[in-house]
Amino acid sequence: MQSTNIIRPNIKAVAEVTDEQLKLFTGAWLDATGSTLSASAAAGNLAGLNEINNKLTAVGEGLQAAGALIIGTVSADDPLDFAGNWIDGAGAATSSLAAYLQYIDEENGADNIRLDILGDSLQSMGASISALSDYSTGETGIAAGNALQGLGAGLEAIGGTYELREKEEAQLLNTVGAALQAIGATLNAILVTRDILLEVNCRWRSVLYKNKKDSQPKLVERL
């Protein structure tokens with residue numbers, strides 16, 4: 001009973017997730033969800049199913065923007081990481097706006113494509129900057145995820161320029177690029193979740209070890 005009473009007051013503190021961790025978790029999974037929606041829309045376009053894909057892309061890119069900007073609010077010592085997240089978020093917001101304009105106004109398609117190219121280029125730049133920052137601090141897994149997102153967004157930007165020139169490879173590049181972004185974002189979300197769970201587990205182990213150690217003298221006194 002004594003050991004249980006010792007542990008109970010610590011349960012909340014041990015299981016508590018910090019505000020920074022909550023922002024990282026929320027932002028990472030919003031980004032992953034948005035990237036997956038955008039990849040689904042790109043695959044639908046490749047298959048010739050174009051009815052709601054612009055709307056789906058607008059939602060997906062909007063979620064990516066929200067996720068990147070939430071992560072951008074996390075305090076970081078590295079200005080590269082801060083800049084990368086905000087540039088990525090601005091790019092995703094731009095692409096979301098382009099997809100929405102394409103959905104409601106197909107007559108100005110060329111202008112909307114140019115806006116989308118700008119958004120994809122910003123996303124590629126932002127994700128690449130974040131990848132460089134993460135790699136320099138030893139976070140190779142997150143760096144790989146951001147590098148995949150940067151490559152994917154770059155391919156989408158190239159696909160946009162091909163689309164303006166009415167080249168057949170445009171949609172394939174867009175689909176592959178969107179898929180790479182989804183893979184990279186999902187990888188990052190999984191890694192962020194794993195790191196948070198590992199930290200909570202370490203807290204539990206520390207508390208259990210401390211309580212076990214504190215209870216030993218009391219057992220000796222009883223004997």
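The values are calculated or read from the model by the stated rules, or taken from the named source; none is laboratory data. Just so we're clear, the structure is a prediction, and the values are computed from it rather than from any experiment. Virtual Cβ from ideal backbone geometry, glycine too; neighbours counted across all protein chains shown.
Answer yes or no: is there a residue in the stretch 74-96 that is within 15 Å of Asp31 (Cβ to Cβ) and part of a loop (DSSP other than H, G, I, E, B).
yes
Determine, yes or no, whether Ala99 is at pLDDT 95 or above, crowded, with 19+ Cβ neighbours inside 10 Å and either under 22 Å from Leu151 (Cα atoms) or in contact with a His (Cβ under 8 Å, 6 or more places away or on another chain) (or both).
Against the criterion (at pLDDT 95 or above, crowded, with 19+ Cβ neighbours inside 10 Å and either under 22 Å from Leu151 (Cα atoms) or in contact with a His (Cβ under 8 Å, 6 or more places away or on another chain) (or both)), Ala99 does not qualify.
Quickly run through the stretch 61-73 and pick out the residues that are in a helix (DSSP H, G or I) and over 12 Å from the mean Cα position of the chain (by Cα).
Gly62
Quick check on this structure: which one of Ser38, Ser75 is within 13 Å of Ala182 (Cβ to Cβ), of a type in the set (S, T, N, Q) and either surrounded by fewer than 13 Cβ atoms within 10 Å (Cβ to Cβ) or modelled with pLDDT of 90 or more (or both)? Give the steps one after another, and end with the answer.
Details: Ser75 fails: within 13 Å of Ala182 (Cβ to Cβ).
None of the other options fit; the residue is Ser38.
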